[in-house]
1. Could you tell me which of the residues Gly114, Gly110 is outside any strand (DSSP E or B) and of a type outside the set (A, V, I, L, M)?
2. Can you run down the residue pairs with Cβ atoms below 7 Å, 6 or more apart or on separate chains, where the first is in the range 117-136 and within 13 Å of Arg102 (Cα to Cα) and the partner is modelled with pLDDT of 85 or more and loosely packed, with under 12 Cβ neighbours inside 10 Å?
3. State which residue pairs qualify: first residue in the same structural domain as Phe49 (by TED's automatic domain parsing) and loosely packed, with under 10 Cβ neighbours inside 10 Å and inside the range 9-34, second residue assigned to a loop (DSSP other than H, G, I, E, B) and modelled with pLDDT of 50 or more in any location, beta carbons under 7 Å apart, and separation of 6 or more residues or different chains.
4. Which pairs have Cβ atoms under 8 Å, sit 6 or more apart or on different chains, and link a residue in the range 55-79 that is of a type outside the set (A, V, I, L, M) and assigned to a strand (DSSP E or B) to one that is modelled with pLDDT of 85 or more and loosely packed, with under 15 Cβ neighbours inside 10 Å?
5. Give the range 81-90 a look and list any residue that's of a type outside the set (Ser, Thr, Tyr) and surrounded by 13 or more Cβ atoms within 10 Å (Cβ to Cβ), or say none.
6. How many residues does the range 74-107 contain that are farther than 20 Å from Tyr126 by Cα and of a type outside the set (Lys, Arg)?
7. Do you know which residues across the range 99-113 are closer than 16 Å to Cys89 by Cα and in contact (Cβ under 8 Å) with a residue 40 or more places away in the chain?
Amino acid sequence: MTNILPLGVILDRSHLNGSSNEFVRHVNCEDCGSSDGNSLYTDGHTYCFVCHTWKPGNGSTTFTVSNNRMSYTGFASRLPKRNLSEETCEKYKIYQDGNILRMYYHDSSGAPIGAKVKTKNKVFSYEGESNGNFFGQHLY
């Protein structure tokens, strides 16, 4: 189970086992793929400084601190069935990640805040936040 917390929320984990925890070593993060951004502590919990995911030692609940920012996943590539060039996909931030296509939505400053996600089987979903803007509206 993953819980999303707003930026600025400080997780007081001292109540979890009543003792202080010490850093053991850097480990890879299964959530974001970082090779060493995740830190392992003596009680078994981990915290990734890249994707801000905290997992307890027993693996029951995961916390991700949301800073209302989204990072791009994948890369722009030509979409011949839609007659879209790689340059157009880059301009509008249409990125392919394996069999997943993400069309990113942005705030007024141009920062990505969400993405419409389309699978190869034409299953659509949305990740992140929505501000009500149309796709590509941040460019105009």
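The values are calculated or read from the model by the stated rules, or taken from the named source; none is laboratory data. The shown structure was predicted, so the numbers you read here are calculated from the model rather than taken from an experiment. Positions of Cβ are backbone-derived with ideal geometry, glycine not excepted, and every protein chain shown enters the neighbour counts.
1. Numbers: Gly114 fails: outside any strand (DSSP E or B).
Only one candidate passes the filter, namely Gly110.
2. Here the result reads Val117/Phe124; Val117/Ser125; Lys118/Phe124; Thr119/Asn99; Lys120/Asn99, each pair linking the range 117-136 to a residue that is modelled with pLDDT of 85 or more and loosely packed, with under 12 Cβ neighbours inside 10 Å.
3. Partner pairs satisfying both residue conditions: Glu22/Thr42.
4. Phe75/Asp97
5. Leu84, Glu86, Cys89, Glu90
6. 9
7. Across the range 99-113, the qualifying residue is only Pro112.
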